[in-house]
Amino acid sequence: MHDFIRLRLSARVITRNPLSAYKNSLRQVNCDHPTISILRSRLWPFWLAAALLSLTLLSVQARDSFRLDRDLLDSVEQKYGRQAKQRLLDWQNLINDDQSANDLEKLIKVNVFFNQQEFISDLLLWKDTDYWATPVEFLAQNGGDCEDFSIAKYFTLKKLGIDEEKLNLTYAKAVKLDQAHMVVTYYAQPNAEPLILDNLDQSIKPASERPDLLPVFSFNGIGLWLAKERGRGKLVGTSSRYKHWQDLQGRMPAGLN
């Protein structure tokens, strides 16, 4: 391989018509409780549908917990303009309105969204040789370097419910550019060949289809790994050893860590 490879129900059958048995059991209940009255009614299927819909809405509301602070949005608008504020609102909606059926749909959606931003070097944008921007800073500026693209994707995918154990931020050497480069790597299984989310290549591809990237090390909120072929490689410690990571965590907007 190439360089990146990383309730119970029990029941007794009492009738061939379970719905009939259910109705008979309700008739035997001597109770004036409103719930029993609803169940005895011919309209009970509609009440049941309404109840299921309510539960669905409640679950969506519970997931929609990411809200950017209003003062933050106003501050971004004042400093960077209305379009910058709208980019942040679009990001918020991307998270809260997500109806993806699986991880791959989430990966594609997030990759496409953030790859609309422009590549801008840290030196030009921040007057710093290596500044890691938060997703808010990245979107407000409408651009950033490879770390900023990757960081925004990583934390957004986490917020969409992808297990952190499946996600890494991976440093690699971009062979054609002859320079360090960061991407997001996604592992469907611990030892699987990862998928690469990158701002240099708009398509999400398996690591074996990216010979232009030579991994060096990878990390997430759980650990830090030295590269070993196409997997996570050898665990050498926790990401807390990485100063840039610690600094970034302290600047993250509420609800995104």
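The values are calculated or read from the model by the stated rules, or taken from the named source; none is laboratory data. Given the structure is predicted, the values throughout are model-derived calculations rather than measurements. Cβ atoms come from the backbone with ideal geometry, glycine included; neighbour counts cover every protein chain shown.
Inspection of region 132-139 finds no residue satisfying the criterion of being hydroxyl-bearing (S, T, Y), surrounded by fewer than 21 Cβ atoms within 10 Å (Cβ to Cβ) and modelled with pLDDT under 95. Report yes if some residue within region 86-94 is of a type in the set (K, R) and at pLDDT 95 or above; otherwise report no. Within region 86-94 (the criterion being of a type in the set (K, R) and at pLDDT 95 or above), the answer is yes, since at least one residue qualifies. Does G221 satisfy being assigned by TED's automatic domain parsing to the domain that holds L124, within 24 Å of R87 (Cβ to Cβ) and touching a helix residue (DSSP H, G or I) at 6+ places or on another chain (Cβ under 9 Å)? When the stated conditions are applied, G221 does not pass them.
Can you name every residue in region 133-151 that is assigned to a loop (DSSP other than H, G, I, E, B), in contact with a strand residue (DSSP E or B) (Cβ under 9 Å, 6 or more places away or on another chain) and within 27 Å of S65 (Cα to Cα)?
A133, N142
Go through region 197-218 and report how many residues are hydroxyl-bearing (S, T, Y) and in contact with a Gly (Cβ under 9 Å, 6 or more places away or on another chain).
The first filter runs over region 197-218 and keeps only residues hydroxyl-bearing (S, T, Y), leaving 203, 208, 218.
After this cut, where a residue has to be in contact with a Gly (Cβ under 9 Å, 6 or more places away or on another chain) as well, the list is 218.
Counting residues in region 197-218 that are hydroxyl-bearing (S, T, Y) and in contact with a Gly (Cβ under 9 Å, 6 or more places away or on another chain) gives 1.
From the list K158, K79, K85, the lone residue that is farther than 26 Å from F217 by Cα, basic (K, R) and surrounded by fewer than 21 Cβ atoms within 10 Å (Cβ to Cβ) is K79. In region 117-159, the residue that is nearest to the chain's Cα centre (by Cα) out of those that are under 30 Å from S100 (Cβ atoms) and polar (S, T, N, Q) is T156.
For region 91-112, the set of residues classified as exposed (fewer than 13 other Cβ atoms within 10 Å of the Cβ) and either in a helix (DSSP H, G or I) or among the hydroxyl-bearing types (S, T, Y) (or both) consists of N93, V112, listed by residue number. For region 176-192, which positions are part of a loop (DSSP other than H, G, I, E, B), at pLDDT below 95 and either more than 18 Å from V216 (Cβ to Cβ) or not basic (K, R) (or both)? Selection gives L177, D178, Q189, P190, N191, A192.
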